[in-house]
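One structure is given below, encoded as structure tokens.
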Amino acid sequence: MIRSRRPIRPASIKFDSAACLLCQWRAFSASYRRLAEKETPAPPPPKAPGPLDEAPRSYGKAVSEFTPKPLSRPIGLPNPPRPGENTGIDARTWKQRRDDFVDYDKHLIRRKQLTKKISTPYFREWSNMRMHKGKSFLAPPGLFKAELALYFPNFYGQTLLKDKIPRDTTPLLEDKISVVSVFSSQWAENQAATFASQKNNPELHEVVKNSGGLAQLVQINVEENALKAMIVRLFMSSLRKKLGPDNWGRYFLVRKGISEEIRDAVGLLNSKVGYTYLLDGECRIRWAGSGPSEGDEKEGLVKGTRRLIKELEIQRMERPTPLPQKQILEGRSQKPAASAA
């Protein structure tokens, strides 16, 4: 018996090629119509203007007139800081460096960064100092709410401790109320001193002293220039005498790791200006000031520090107290006896 692989069909049945093409066209036109009728996704809502959008910067369009306004919204980073971030240390292997060197996309990103840095006018920041002494914003009238506040970044640098080991700022700032002064020059340091120095704000120092170790004053000196950083290191002995041994670990000399994104988020818009931040125990920025203190900004800093100290006291009282080590060992020794019984 011979079997044929062709399908057996009557000779009277004939396929109409035109009809098949017509069906295909109808199916295509229907699917195309459905795709055309499908609703296009709505465009994302426009980004709300930030509290620092109009503030003068060292890059971008030059600003000839500017009036600082109080911060209407929190400033900072969306994620909590972690030790080891923003160190400026390149931990890549030679193979990873080679791969990044031949990566054209990363090359374009690096080119944009270098172009932006080169195109920055050298005297732009000094010219911005003419407007309200470089003040980028006014302090908010009150504290930012804890659930809405953003985070202060981690910095990495050398302290005044004689071991000369670089440290992260985050472990120092956690679980304490911190008044942080950030500056990059003597002029900026003098501006930050109008908020937090013993001479200009003795009431703040009294509040910190009576907090029982819950509050502290921290200074961060950002010196990205190698020559200026070397000069600061030469005068570290005089800084130790000025600040005292208790504050040696609260003075940081930071050289690297501060990107433009961090500066824009936190408000460090001018390296010639001093900035002051009030942080809670979770490193959130609850209050901030820039430039020299004006009006009732010093009083606002003192009131905010008192309030955060009370909040931290309540939080510590509500925490479960850990058992002493002796009770933990006794509990472990009683478990086998109970199971044997």
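What follows is calculated from the coordinates using simple rules that are stated; it is not laboratory data. Keep in mind that this is a model prediction, so the values were computed, not measured. Positions of Cβ are generated from backbone atoms using ideal geometry, with glycine treated the same way; all protein chains shown enter the neighbour counts.
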Inset, instruction - Output the pairs from Lys164/Lys256; Lys69/Lys209; Lys135/Lys199 with a Cα-Cα distance over 26 Å in this structure; if there are none, say none. - result: Lys69/Lys209
Inset, instruction - May I ask for the net charge around Ile220, where only other residues with Cβ less than 11 Å from the Cβ of Ile220 are counted and Lys, Arg are +1 while Asp, Glu are -1? - result: -1
Inset, instruction - Hey, can you grab everything whose amide H is under 5 Å from the amide H of Ala215? Only 5+ residues off in sequence or another chain; H modelled, so Pro and N-termini drop out. - result: Ile177
Legend entry - Rounded FRET efficiency, nearest 0.05, which uses the C-beta distance separating Ile165 from Phe101 and R0 of 35 Å: 0.65
Inset, instruction - For the stretch 142-175 and the stretch 197-242, write down the distance between their C-alpha centroids in whole Å. - result: 14
Inset, instruction - Work through the residues other than Lys106 whose Cβ is under 15 Å from its Cβ and net out their charges, Lys, Arg +1 and Asp, Glu -1. - result: +2
Legend entry - Residue-wise HN-Hα coupling along the stretch 162-175, computed from phi with Karplus coefficients 6.51, -1.76, 1.60 (Hz; x: Gly, Pro): 6, 6, 6, 8, x, 9, 8, 7, 4, x, 6, 8, 5, 6
Inset, instruction - Please list, or write none, the aspartates and glutamates whose alpha carbon is within less than 19 Å of the alpha carbon of Lys95, excluding same-chain residues fewer than 8 places away. - result: Asp103, Asp105
Inset, instruction - Collect residues whose amide H, placed 1.01 Å from N in the peptide plane, falls under 5 Å from the amide H of Asn154; neighbours closer than 5 in sequence don't count. - result: Arg82
Legend entry - Dipole magnitude of the stretch 173-318, debye to nearest 20 (Cβ charges: Lys/Arg +1, Asp/Glu -1, about Cα centre): 600
Legend entry - Distance from the stretch 54-114 to the stretch 278-306 (C-alpha centre basis), Å: 25
Inset, instruction - Collect residues whose amide H, placed 1.01 Å from N in the peptide plane, falls under 5 Å from the amide H of Val254; neighbours closer than 5 in sequence don't count. - result: Asn221, Val222, Glu223
Inset, instruction - Would you kindly state how much longer the chain becomes between Arg233 and Lys145 on full extension, computed as 0.36 nm times their sequence separation minus their alpha carbon distance, in nm to one decimal? - result: 27.8 nm
